[in-house]
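Participant: My questions all concern the structure below.
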Amino acid sequence: MNAYPKKIIPLIGDSLIGFTNAKDNEIILNRIVGKGYNCAKMDELLGINAQADQKYHNFEVKHGERIQAALDLEAKRTEEMNYYTNDRKLAFHIFGGQQDLAVRSQLGIDLSLKEGLNGFIEQAQQFYETILKKKEILSRLDEFAMTAEKVQERLNGLTALRVLFDILEVKKGLAAIALKERTVSYNTLRVAWHKFKTVCLIVFAKKQEHLKLLNINPPAVRVRTNKRTSSKRSRTAEVKVEMPDDIE
């Protein structure tokens, strides 16, 4: 399945041409109807093709939405991290003395910055919520233009960050479902197309013009030279007809 992205587009295109021309060409249809490929069967195959095409494009949309959600989250995380880092530096400057050890502990700024999104949000939330709750802390920060309104903005920013994280998780789930559906529909079409090709290669072995209409390459003809030991050490040519690998 690693080669899937490179194979799905030509598979959808090739099979659409083959199935459509087989259904619309009366001569071809009459020749393959005895193999189970009547008009109803061709409609079924065209439905499989349409399903694969729809699932392919659906995954592309869901995959794109997941990527965009990740970019939105990262942009917001960077924004809030910059705010928090600068505000921490200001708090360290204001409450850097030994007498403010308890304040730094309440703000959580004596601890190193936590790794991971959840750790950062929890740490930043503790910092800003403490400032709003402790008027004596807020009053000292207010002198440096860190007002209650600005602190609330940062708390709102952290809430928005959590929302973006939740959105990304939803988009990941939808993309995973779309990927599974795409894979199933691809395999269904691949098997159906290969069976159809196999039948047509047999039925139209001597009618390569029909194979071309069905977008099916005729079997490759390879000339192989074998050496035979004889008194005269003569050489003879052997012609071998091989079926394509994709109909095995």
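The values are calculated or read from the model by the stated rules, or taken from the named source; none is laboratory data. Here the structure is a predicted model, which is why all the values come from computation and not from measurement. Note that we place each Cβ from the backbone using ideal geometry, even for glycine, and neighbour counts take in every protein chain shown.
Participant: Of everything in the stretch 107-128 that's of a type in the set (A, V, I, L, M) and in a helix (DSSP H, G or I), which residue is surrounded by the fewest Cβ atoms within 10 Å (Cβ to Cβ)?
Facilitator: Among those residues, the one meeting the criterion is LEU117.
Participant: Does ARG162 satisfy the criteria of being part of a helix (DSSP H, G or I), under 25 Å from ILE109 (Cα atoms), touching a helix residue (DSSP H, G or I) at 6+ places or on another chain (Cβ under 9 Å) and among the basic types (Lys, Arg)?
Facilitator: The answer is yes for ARG162.
Participant: Now, a different point. Search the stretch 22-44 for residues being in contact (Cβ under 8 Å) with a residue 24 or more places away in the chain and part of a helix (DSSP H, G or I), and hand back the single one that is surrounded by the most Cβ atoms within 10 Å (Cβ to Cβ).
Facilitator: ALA22
Participant: On to the next question. Scanning the stretch 75-93 for residues that are surrounded by fewer than 17 Cβ atoms within 10 Å (Cβ to Cβ) and over 39 Å from the mean Cα position of the chain (by Cα), which turns out nearest to ASP142 (Cα to Cα)?
Facilitator: Only one residue tops the list, namely LEU90.
Participant: Just checking, does the stretch 219-237 include any residue being under 19 Å from LEU45 (Cα atoms) and either modelled with pLDDT under 95 or assigned to a helix (DSSP H, G or I) (or both)?
Facilitator: no
Participant: Considering only residues that are assigned to a loop (DSSP other than H, G, I, E, B), over 14 Å from ASP14 (Cα atoms) and out of contact with any Leu (no Cβ under 6 Å at 6 or more places or on another chain), look in the stretch 199-218 and name the one that is modelled with the highest pLDDT.
Facilitator: Ranking the candidates gives ALA205 first.
Participant: Something else: Of ASP43, ASP14, ASP53, which residue is charged (D, E, K, R) and within 21 Å of the chain's Cα centre (by Cα)?
Facilitator: ASP53
Participant: Another question, then. If you check PHE144, PHE196, which single one turns out to be modelled with pLDDT under 95 and either over 24 Å from the mean Cα position of the chain (by Cα) or not in a helix (DSSP H, G or I) (or both)?
Facilitator: PHE144
Participant: Given (1) out of contact with any Leu (no Cβ under 6 Å at 6 or more places or on another chain); (2) in contact (Cβ under 8 Å) with a residue 60 or more places away in the chain; (3) in a helix (DSSP H, G or I); (4) not polar (S, T, N, Q), where does ASP72 come up short, assuming only one miss?
Facilitator: Unmet condition: (1).
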